[in-house]
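Participant: Please see the structure below; I have some questions.
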Amino acid sequence: MSVESRIKELGIVLPNSPAPVANYVPVVRTGNLIYLSGVGPAPKTDGSEFKGKLGIDLSVEDGYEAARLTGINIISRLKGYLTDLEKVSRIIKVLSMVNASPDFFDPPAVSNGCSDLLVEVFGEKGKHARSAIGVASLPGNWPIEIEVIAEITD
């Protein structure tokens, strides 16, 4: 099954690729690797957004959903850059930064929302190495920001 077919089967509607919010580029390519700048969650289906800190404002379940929505933005960015998602030959590395209170010790459980989505969409090509860390704050009070390294083919 194609990546686009999986996205449709999962009922995912990809938003426009997120624009940079400062002086950087959203994607850098070197050889057959692309480095995606960090993105936050896409809006929920009702248009609202996840905001806040895990362990204070949001539960692990909320964080998981925010990470899944961040994965949707990552896929949108990939599609915006590549046009054809079949060009993704492997998701190599995911760095997940979770906006967390000092006593929140489960960034991996939150980050699974994105990791699970990438495997659902890309299958074996979506399995990746990952780091999941807690941070004191993120832009726009996002609960999570994720950056990705992917291998591509032309």
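Participant: Test Ser76 against the stated conditions and say whether it is part of a helix (DSSP H, G or I), more than 17 Å from Asp116 (Cβ to Cβ) and hydroxyl-bearing (Ser, Thr, Tyr).
Facilitator: yes
Participant: Hey, another quick one. Please specify each residue of the range 113-146 satisfying the condition of being over 10 Å from the mean Cα position of the chain (by Cα), surrounded by 15 or more Cβ atoms within 10 Å (Cβ to Cβ) and not hydrophobic (A, V, I, L, M, F, W, C).
Facilitator: Those that are over 10 Å from the mean Cα position of the chain (by Cα), surrounded by 15 or more Cβ atoms within 10 Å (Cβ to Cβ) and not hydrophobic (A, V, I, L, M, F, W, C): Asp116, Glu120, Lys125, Gly126, His128, Arg130, Gly134, Pro143.
Participant: Same structure again: Across the range 4-28, what is the number of residues that are part of a helix (DSSP H, G or I) and under 16 Å from the mean Cα position of the chain (by Cα)?
Facilitator: Going through the range 4-28 one residue at a time, the tally reaches 1.
Participant: Could you please let me know if Thr70 is modelled with pLDDT of 95 or more and under 25 Å from Asp106 (Cβ atoms)?
Facilitator: Taking the combined requirement at face value, the residue satisfies it.
Participant: Of the conditions (1) under 22 Å from Ile7 (Cα atoms); (2) in a helix (DSSP H, G or I), Gly140 clears all except one; give me its number.
Facilitator: Unmet condition: (1).
Participant: Six or more apart or on different chains, Cβ atoms under 9 Å: show the pairs whose first residue is in the range 121-136 and within 19 Å of Asp106 (Cβ to Cβ) and whose second is of a type in the set (S, T, N, Q) and outside any helix (DSSP H, G or I).
Facilitator: From residues that are within 19 Å of Asp106 (Cβ to Cβ), the pairs are Arg130/Ser96; Ser131/Ser96; Ala132/Ser96; Ile133/Ser96; Gly134/Asn99; Gly134/Ser101; Val135/Asn99; Ala136/Asn99.
Participant: Which of the residues that make up the range 22-48 are of a type in the set (A, V, I, L, M), surrounded by 13 or more Cβ atoms within 10 Å (Cβ to Cβ) and under 22 Å from Ser137 (Cα atoms)?
Facilitator: Leu36, Val39, Ala42
Participant: State the number of residues belonging to the range 1-15 that are surrounded by fewer than 14 Cβ atoms within 10 Å (Cβ to Cβ) and within 12 Å of Leu85 (Cα to Cα).
Facilitator: 2
Participant: Moving on. Considering only residues that are part of a loop (DSSP other than H, G, I, E, B) and among the hydroxyl-bearing types (Ser, Thr, Tyr), look in the range 29-56 and name the one that is modelled with the lowest pLDDT.
Facilitator: Applying the filter and picking the extreme gives Thr45.
Participant: So Met1 clears everything in (1) among the hydrophobic types (A, V, I, L, M, F, W, C); (2) modelled with pLDDT of 95 or more; (3) more than 19 Å from Val148 (Cβ to Cβ) except one condition, right? Which one?
Facilitator: So the condition that Met1 fails would be (2).
Participant: Filtering the range 49-74 down to residues that are within 9 Å of the chain's Cα centre (by Cα) and more than 22 Å from Pro102 (Cβ to Cβ), which residue is surrounded by the most Cβ atoms within 10 Å (Cβ to Cβ)?
Facilitator: This residue is Gly71.
Participant: Name the one entry in Arg68, Arg90, Arg77 that is closer than 22 Å to Pro139 by Cβ, touching a strand residue (DSSP E or B) at 6+ places or on another chain (Cβ under 8 Å) and among the basic types (Lys, Arg).
Facilitator: Arg77
Participant: Looking only at the range 75-91, filter to residues that are of a type in the set (Val, Ile, Thr) and over 13 Å from the mean Cα position of the chain (by Cα); which one of those is surrounded by the fewest Cβ atoms within 10 Å (Cβ to Cβ)?
Facilitator: Thr83
The values are calculated or read from the model by the stated rules, or taken from the named source; none is laboratory data. If you're wondering where the values come from, they're calculated on a predicted model, not measured in any experiment. Positions of Cβ are backbone-derived with ideal geometry, glycine not excepted, and every protein chain shown enters the neighbour counts.
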